[in-house]
Amino acid sequence: MATRLSALIAEFLAAGMSNEDSLKLAREQDALERAERTEARNKAAELELLKHRQDVEMTHAMEKELKRQEAETAQAVRKQEAEIASELMKREAELLQQKASIELQQQKLDAEIAKEKAAAEVEAAEKKATAELQQMKYAAELEIQRARLEHEKSLDMAKLEQQRIIAESESQVRIHEIDNRSRVVEERASAGGDSNHHFRKYDLGIGMFSNTDKDLEPFLTKFEVVAEAYRLPRNLWAVELAKSLTGESLALYETLSSEARLEFHAVVEALKKKFGVTNQDMPKEISAGKMFRQ
């Protein structure tokens, strides 16, 4: 700066000014230039600051715009992803629906095939001989009976034993009652003038009825043959038959009226009805009532 001041003084001296005026003007000129330089620097600084502010604002604006664009892009991406997911779900639902429809059609087809197959099997079964069908019926009944017996065997043994004791006690009481009825029948016969009949206990030795429909026919046939062989009076056939009944058949006998208990034909008809045996299943002698004729 001293060099510039010296140059100004020399310049003013050369112009014919005095030393004092030259120094004064030189100092004023130097101060003026300094002020201008300071102002220039200030303006430059202000411009630089303004530029910096503009740059910052522009940067902020650009960042804001970038964030806005990023947000819009992210929103668009999410929307697109949601649309894609919705479309995928829709297609998956359609595929599941198609699959279910195919499976339903397959099930219907399988059902129709099974129905046709069953109809064919039924038709084939219906074409079989009557004898074979009857055998199948008997085999099924035997199998049911076997299953029932096996089930009964699986019951608690203590309970079965208790029931057996009770049944034996009840059977003894009922047999005693039947013996009393036999005595009454004998006494009535004697009172009616038939002095040839005297009360005695008959032991036909035919065993006990098994309470099954398949054994009713041979049991009654056996009873008739043995009763005829022992010359059992006809009026005692009902009470003697009752001695061979147990369980269901004996309980059925006890439900009959006092008159029906003494009528052999009534007892037989009640047993046939109980065990589902028709007259066609019975021997002609029994179904026709031959054993009731003297």
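The values are calculated or read from the model by the stated rules, or taken from the named source; none is laboratory data. Keep in mind it's a predicted model, so treat the numbers as computed, not measured. Ideal geometry is used to build each Cβ from the backbone, glycine not excepted, and the neighbour counts take in all protein chains shown.
Side notes on the structure shown:
- Which listed residue, of Glu33, Glu92, Glu48, Glu83, is assigned to a helix (DSSP H, G or I), touching a residue at least 24 places away in the same chain (Cβ under 8 Å) and not β-branched (Val, Ile, Thr): Glu33
- Which listed residue, of Ala129, Ala125, is surrounded by fewer than 10 Cβ atoms within 10 Å (Cβ to Cβ), outside the structural domain of Ser244 (by TED's automatic domain parsing) and either at pLDDT below 80 or touching a strand residue (DSSP E or B) at 6+ places or on another chain (Cβ under 9 Å) (or both): Ala129
- Filter result for Lys51 (modelled with pLDDT of 90 or more, of a type outside the set (S, T, N, Q) and under 60 Å from the mean Cα position of the chain (by Cα)): no
- Among the residues listed as Met58, Met17, Met62, the single one being surrounded by 10 or more Cβ atoms within 10 Å (Cβ to Cβ) and outside any helix (DSSP H, G or I): Met17
- Filter pass, Glu161 being at pLDDT 85 or above, assigned to a helix (DSSP H, G or I), among the acidic types (Asp, Glu) and loosely packed, with under 11 Cβ neighbours inside 10 Å: no
- Restricting Leu149, Leu204 to residues that are closer than 25 Å to Ala242 by Cα, modelled with pLDDT of 65 or more and surrounded by fewer than 13 Cβ atoms within 10 Å (Cβ to Cβ) narrows the list to Leu149.
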